[in-house]
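Contents: one structure, followed by commentary.
The values are calculated or read from the model by the stated rules, or taken from the named source; none is laboratory data. Just so you know, these numbers come straight off a predicted model, no measurement behind them. Here the Cβ positions follow ideal geometry from the backbone for every residue, glycine too, while neighbour counts run over all protein chains shown. We work out accessible area using only protein heavy atoms, side chains counted, and drop any ligands, DNA or RNA first. Shrake-Rupley method; radii C 1.70, N 1.55, O 1.52, S 1.80 Å.
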Amino acid sequence: MAMAAAEARLRQEKVKKFEDFVDRRLKPDLVNAIAQRDNLFQQQKTFLDLKKNIENLEKNGVTSMRSMVNLGSEVYMQAEVPDTRHIFVDIGLGFHVEFTWQEALQFISVREARQIDEYTHLIASIKAQIKMVCEGIRELLQLPAE
């Protein structure tokens, strides 16, 4: 009788450790990965806008232009771009690369596919880990499979 009670207590302690691992490690990791993927979707929207602008420049044969540039705090200044055939693209970590229109379009399409896939796989992996731990908890509690 005492042996069964000790075994049940030990099983409850293991279940508690697994639940803590899910709550303190896996769930925050999942929330963080989803937030990073959502941030990436916002960046992809910016790149999609750039892609549309490049395509419009190509279609209309624009080689120079005038624009209003936001300097910050909603302060604008008029800017003139004498040659639009080369553009600078923010590639991350504060670095900008000069691209031709075609190079920029190629960079955008490669970046879109690769980054979304990475976060989607990470999120799927974390969800699988959570499911595996929950299955372990179920087995420890000797509950029937769902």
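Within the stretch 104-134, the residues that satisfy the criterion of being within 18 Å of residue 57 (Cβ to Cβ) and either modelled with pLDDT of 95 or more or open to solvent by less than 60 Å² (accessible area, probe 1.4 Å) (or both) are 104, 105, 107, 108, 109. For the stretch 95-127, a residue qualifies if it is closer than 25 Å to residue 52 by Cα, touching a residue at least 12 places away in the same chain (Cβ under 8 Å), part of a helix (DSSP H, G or I) and among the charged types (D, E, K, R), and the qualifying residues are 111, 112. Among the candidates 69, 31, the residue that is closer than 30 Å to residue 130 by Cβ and of a type in the set (Val, Ile, Thr) is uniquely 31. Among the numbered conditions (1) in contact with a His (Cβ under 9 Å, 6 or more places away or on another chain); (2) at pLDDT 90 or above, the only one that residue 60 does not meet is (1).
Restricting attention to the stretch 53-60, does a residue exist that is loosely packed, with under 10 Cβ neighbours inside 10 Å and either touching a helix residue (DSSP H, G or I) at 6+ places or on another chain (Cβ under 6 Å) or in a helix (DSSP H, G or I) (or both)? Checked against the condition, which is being loosely packed, with under 10 Cβ neighbours inside 10 Å and either touching a helix residue (DSSP H, G or I) at 6+ places or on another chain (Cβ under 6 Å) or in a helix (DSSP H, G or I) (or both), the stretch 53-60 yields at least one hit.
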